Amino acid sequence: MANQGTCLVAKKCGGCQYQGVAYKEQLKKKQQMEETLLKKFCKVENIIGMENPYYYRNKMHRTFGRDRKGNTISGTYQEGTHRIVPVEECLIEDQKSQEIVHTIRGLLKSFKIKTYDEDTGYGLLRHVLVRRGFKTGEIMVVLVLSSPIMPSKNNFVKAIRKAHPEITTVVLNVNDKKTSMILGERENTIYGKGFIRDELCGCTFRISPKSFYQVNPVQTEILYQTAISYAGLTGKEEVIDAYCGIGTIGMVAAKHAKKVIGVELNGDAVRDARMNAKENKMQNIEFRQGDAGEFMVAMAAKGQNVDVVFMDPPRAGSDEKFLSSVVKMGPKKVVYISCNPVTLERDLKYLVKHKYEVKKIQPVEMFPFTEHVETIVLLSKGDLQ
Ligand code: SAH
């Protein structure tokens, strides 16, 4: 693996805890952390690392502002502050997307676009977000502005597309609040469809500016394939995809199952999920919007059961409502996909106390140079056939 150099802003940016640590060593640390927390349940398989751990992120974001001399800068907030740390090159984000941000910065002066000043509330451009479909090559640029009016917006689109014809859509997002949240509520598509598509495990997914989509598509395919193989689907199973986002795991599972129900709290994501099912011509999957715990409580109360539950909660993990309903319903298999081994350990303890057995644990590297680690766990009731 080629050494891609050193990150010049690692300390100030705070995004990567493992900059300066050899990649092999990073994997070792993650493996150790997993074993410390999870070995008591079952053998922890070796973490699946990346062949090339650089420039893997399909989504990037820069905050725009000025330095003390008045030069336009683009970067990231220093951890815990609102000071912008200029970032010229990031070693984990898509390179093409970074070039686009540089182009945008270079165009601001001739278009007389002022960057936003948090203290005075003066200026227009706050942030730029770029998302790229690694398989499809489609690129979305989101310009986050403090006001809905952008002068010469069509010429601006022309200029960035001239430099980067790969851009397939440009969206204006209006954020007029004093907030550290990046995106505001209002959106206005000024070029293209307002979303990009990407492919994972043979399915196509549409991604809107606000939808959750795994940031490391190369490893996501490995993650999903492992999860599906753990479920051992034969085409006869009824399946739940809990915390389903835009429906990715459920749709990949639906190809091998009788029926899938996805449940997700975020309304935009559910809308994308339904559209995705339609576009992929899948008839055996449906989506419900709501709290996954409450959905499971209702299912359990009606005496409904399923064969497999996939669960992929956020970092906070699941909750007692959800877990106690799983226990009540008693699916043969639970496939838990976790982005936080600490809450995973807590939730596994609960399931193990209530007669589930942990059969397999597979860590998957999704976030090189950071300390985050993803884990897939197979639990079952009794012996697996
Ligand atoms: N499985 C998806 C998304 C995982 S991220 C994928 O692989 O892409 C976790 C998801 O859980 C997010 O989409 C978030 O909106 C959703 N979520 C958070 N709290 C929830 C809750 N209480 N009930 C249902 N979904 C929830």
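Any read-out appearing in this document is the output of simple, stated calculations on the displayed coordinates, not a laboratory observation. Owing to the predicted nature of the structure, the values given are computational and were not obtained by experimental measurement. We place every Cβ from the backbone using ideal geometry, glycine too, and count neighbours over all the protein chains shown.
At 0.36 nm per residue, and after removing the present C-alpha to C-alpha distance, how many nm does the segment from Asp291 to Thr120 gain when stretched out fully? Walk me through the intermediate numbers first.
Details: separation 171, 0.36 × 171 = 61.56 nm, distance 3.95 nm.
Between Asp291 and Thr120, full extension yields an extra 57.6 nm.
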Check your understanding: Per Stokes-Einstein, at 10 °C and 1.306 mPa s, what whole-number D in µm² s⁻¹ belongs to the range 296-337, with the Kirkwood radius over Cα pairs as the hydrodynamic radius?
Key -> 151 µm²/s
Check your understanding: Does a label point 7 Å from the Cα of Arg68, set along Cα-to-beta-carbon, have any residues of the range 82-98 with amide nitrogen under 16 Å, and which are they?
Key -> 83-86
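What FRET efficiency comes out for the pair Glu51/Ile149, r = Cβ-Cβ distance, R0 = 45 Å, nearest 0.05?
Values: r = 46 Å, r/R0 = 1.03.
Between Glu51 and Ile149 the formula returns 0.45.
Take the Cα radius of gyration of the chain and divide it by 2.2 N^0.38 Å, with N its residue count; two decimals is plenty.
1.05
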Revision key, fill the gap. Phi-derived 3J(HN,Hα) across the range 371-380 with the Karplus relation (6.51, -1.76, 1.60, θ = phi - 60°), rounded Hz, x for Gly and Pro, is 8, 6, 9, 9, 9, 10, 10, 9, 10, 9
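Taking the Cα centre as origin and putting +1 on Lys and Arg beta-carbons and -1 on Asp and Glu beta-carbons, what dipole magnitude results for the range 113-268, to the nearest 20 debye?
Values: 20 positive and 16 negative charges, 105 e Å.
Using Cβ point charges on Lys, Arg, Asp and Glu, the range 113-268 gives about 500 debye.
Please express the shape of the range 225-359 as an equivalent ellipsoid: the semi-axes are the square roots of 5 times the eigenvalues of the C-alpha gyration tensor, given largest first in whole angstrom.
Values for the range 225-359, descending: 22, 16, 14 Å.
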Point to revise | For the range 52-113, size of Cβ-based charge dipole, Lys and Arg +1, Asp and Glu -1, in debye | key: 380 debye
Exercise for review: With 25 Å as the limit, write out which pairs from Lys39/Lys259; Lys259/Lys381; Lys255/Lys332 have Cα-Cα distances beyond it, or answer none.
Suggested key: Lys39/Lys259
Point to revise | In nm, spacing of pseudo-spin labels at Ile190 and Lys29 (7 Å Cα→C-beta vector) | key: 4.1 nm
Practice item. Among His61, Met282, Met366, flag the residue with its Cα farthest along the positive direction of the charge dipole of the chain, charges on Cβ as +1 for Lys/Arg and -1 for Asp/Glu. Key: His61
Review point. Between Met181 and Asn280, what FRET efficiency comes out of the Förster formula 1/(1 + (r/R0)^6) with R0 = 22 Å and r the beta carbon distance, rounded to 0.05?
Key: 0.10
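Between Ala22 and Thr370, 0.36 nm times their residue separation minus their Cα-Cα distance comes to what?
Length gained between Ala22 and Thr370: 124.1 nm.
Please give the per residue volume of the convex hull enclosing the alpha carbon atoms of the range 59-200, rounded to a whole number of Å³.
On the way: hull volume 16.7 nm³, N = 142.
In the range 59-200, the Cα convex hull volume per residue is 117 Å³.
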Study note, to complete from the structure: Taking the chain and counting helices only, DSSP H stretches of n ≥ 4 at -39,500 (n - 2.57) each over all residues, the nearest-500 ellipticity at 222 nm comes to -9000 deg cm²/dmol
Check your understanding: Each label point is 7 Å from the Cα along the Cα-to-Cβ direction; what then is the distance between the points at Lys135 and Lys236, in nm?
Key -> 3.0 nm
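On full extension of the chain, what length is gained from Phe111 through Gln225, given 0.36 nm per residue of separation minus the C-alpha to C-alpha distance?
Numbers: separation 114, 0.36 × 114 = 41.04 nm, distance 4.68 nm.
Full extension from Phe111 to Gln225 adds 36.4 nm.
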Point to revise | Euclidean distance of C-alpha centroids, the range 244-270 and the range 181-210, integer Å | key: 18 Å
Practice item. Using the charge dipole of the range 138-237 (Lys, Arg: +1 at Cβ; Asp, Glu: -1 at Cβ; taken about the Cα centre), state which of Ala227, Ile182, Gly202 has its Cα farthest towards the positive end. Key: Ile182
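Magnitude of the Cβ-charge dipole of the chain, K/R +1 and D/E -1, about the Cα centre, nearest 20 debye?
560 debye
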Check your understanding: Quick one: Cα centre-to-centre distance for the range 108-167 and the range 10-24, in angstrom?
Key -> 29 Å
